[in-house]
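Shown next, in structure tokens, is the structure this report addresses.
The values are calculated or read from the model by the stated rules, or taken from the named source; none is laboratory data. Computed from a predicted model, the values in this text were never measured in an experiment. Cβ coordinates were reconstructed from backbone atoms using ideal geometry, including for glycine residues, and neighbour counts include every protein chain displayed. For accessibility, only protein heavy atoms count, side chains too; no ligands or nucleic acids. Shrake-Rupley method; radii C 1.70, N 1.55, O 1.52, S 1.80 Å.
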2 protein chains.
Amino acid sequence: MLIQKITKLYLKGEKDTMIIVGEKINTSLKGVKEAVINRDVDFIQKLAMEQEKNGADYIDVNCGTLINEEVEALPWLVKTVQQVVDKPCCIDSPNPEAMAAALKVHKGKAMINSITGEESRYEQIVPLVKEYKSGIVALTMDDDSGISEDANIRITIGEKLIDRLNKDGIPIEDIYIDPLIQPISTSSNMGIVALDTIKAIKEKYPKVHFMCGLSNVSFGLPKRGLLNYTFLVLCMMAGLDGAILDPGNRQMMAMIVAAEALLNKDNSQ
Amino acid sequence: MLIQKITKLYLKGEKDTMIIVGEKINTSLKGVKEAVINRDVDFIQKLAMEQEKNGADYIDVNCGTLINEEVEALPWLVKTVQQVVDKPCCIDSPNPEAMAAALKVHKGKAMINSITGEESRYEQIVPLVKEYKSGIVALTMDDDSGISEDANIRITIGEKLIDRLNKDGIPIEDIYIDPLIQPISTSSNMGIVALDTIKAIKEKYPKVHFMCGLSNVSFGLPKRGLLNYTFLVLCMMAGLDGAILDPGNRQMMAMIVAAEALLNKDNSQ
């Protein structure tokens, strides 16, 4: 990366290799629930366009709080978003039926959020990943351990998931491991657990991607923004190459660009 | 670390395990040269007290630009600083004679900045480290390679320095390895070289300390502050536990506290 390139990155504020999923179309966020219930096209499209403009690579769509109408609302969200932006969606749902309906209307290569090592979840979602050749976010939890507080258990679950997904025909480049960020306020080692999980899996599978929400780390603490963007930089050092966040958060995005420059990450390499 | 502790750290803005050397008493900085030439006690003491208040563990004293009078000026700086602050000094000089004069008047356990793998420098400085049982900053450079752009060479130089210093009776806890931060604008891999050097040496010698200036990494680039504090977080993830900086830089200090909380660093452990 030349000085010209770094300078351009700064002046344009554009990140390079980090995969950003824009998190704002989620019915748990203020205003979005009403917009989805009322099928408010303008409201949703504005959120989608704004996130694309700010550098999102995927637009997350999540209406999981509208349990009874998710099967109709999720494909409506996908269509509404893709009418105005050229980016694929990250389809975020606990409901395989809603997931299938959304994938059916999605254009391009979607990302499915998520699969786990839980047997029933795995069996419901993998056929969709294969049918639509989508990316798949894989959470490091399973039936035996739930969300373990032991990094070694999370690492083993992640490795098993990658190996099984590979065996089921999913290429490694389509897998996004979620290390499951938890609050350091409940257990002070939770930052380390996530960082160790990322590091170990990245070392064993250099081509796998990562995807996670960061803000959970600071739950219950003061200065959450500071903790969140500091943790993002620590995670990038560990090997994280994707995150679900608000791309309108300029401080967060600036630190991503800075960390990419310092870590010599460059799409042209 | 409990939530109470994290919260307290934030509210008080106090870092915990990171070793901070306050960089501001340096004759290459504006106003300081004149203050030293004029033996302006108030000017120097104000800088020292301000840095102590802001969290410095050591007060750096450097009058290397005043070549002809360093032998008198350096001990004057040490005495002037220690009249008003309880912290030890980091005595920063290319001149062994000035170093010896400064150590002679220093109270407590000083830090000497610096030794290198260069034979003549090593032989001049080690007797002082032993005599005064001071800490010693050891730069990862030597006669054969100068400042290498190859992390493996820097790692080897660092390891050799640690082994030799140990053999000469300097305990590992008194050694502060300087990975030599260089600008990413001249060579885009310079961030990685420093990070890899820290990581490898920390892994082999968990008890060794680190010390370095950070701001060089952003030389010649826009948004230097952003690059500097992002790099600090990356370095802390690699294992860095000390830095020479302006402790009055609140953004930098806040990120140190945040990274310590996220990495579960705690003096009480």
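Using a probe radius of 1.4 angstrom, the carbon and sulfur fraction of the accessible surface of chain A is 50%.
For a Förster distance of 35 Å, can you work out the FRET efficiency between the beta-carbons of A:ASN189 and A:ASP266, rounded to the nearest 0.05? The value I calculate is 0.55. Lysine pair count for the stretch A:178-269 (Cα-Cα distance under 17 Å; residues 8 or more apart in sequence or on different chains): 4.
Each label was represented as a point 7 Å from its Cα along the Cα-to-Cβ direction; for B:LYS204 and A:LYS104 these points are 6.2 nm apart. Sorted into 20 angstrom bins from 0, the C-alpha pair distances of the protein assembly as shown split as 21, 48, 24, 8, 0 percent. Among B:GLU52, B:GLU119, B:GLU149, the largest mean-square fluctuation in a Gaussian network model of chain B (Cα springs under 10 Å) belongs to B:GLU119. In terms of overall dimensions, the C-alpha atoms belonging to chain A reach 46, 45, 39 Å along their principal axes, ordered largest to smallest. Note that the protein assembly as shown presents 41 Å² accessible area per residue, ligands and nucleic acids not counted, probe 1.4 Å.
Extending 7 Å from the Cα toward the beta-carbon at both B:ILE172 and A:GLU34 defines two label points whose distance is 6.2 nm. Rank A:PRO222, A:PRO75, A:PRO88 by mean-square fluctuation in a GNM of chain A with C-alpha springs under 10 angstrom and give only the top-ranked residue. Judging by the Gaussian network model, the answer is A:PRO222.
A:ILE67 label point (Cα plus 7 Å toward Cβ) to equivalent points in the other copies: 7.9 nm, shortest first.
Our helix-only sum for chain A, with -39,500 (n - 2.57) per DSSP H run of n ≥ 4 divided by its residues, gives a mean residue ellipticity at 222 nm of -14500 deg cm²/dmol. Over all Cα atoms in the stretch B:24-104, the spread is summed up by Rg and Dmax: 11.2, 32 Å. Label-point spacing at A:LYS207 relative to the other copies reads 4.4 nm, in ascending order, each point sitting 7 Å out from Cα along Cα→Cβ. Distances between equivalent label points of A:GLU50 across the copies, with each point positioned 7 Å along Cα→Cβ, amount to 4.1 nm, shortest listed first.
The A-B contact accounts for roughly 3200 square angstrom of buried accessible surface, both chains included, probe 1.4 angstrom.
Quick one: compute the contact order of chain A, relative version, from alpha carbon pairs under 8 angstrom and 6+ residues apart, as a percent. In percent, rounded to a whole number, it is 20. In square angstrom, rounded to the nearest 10, how much accessible surface does A:HIS106 have for a 1.4 Å probe? Estimated to the nearest 10 Å², A:HIS106 gives 20 Å².
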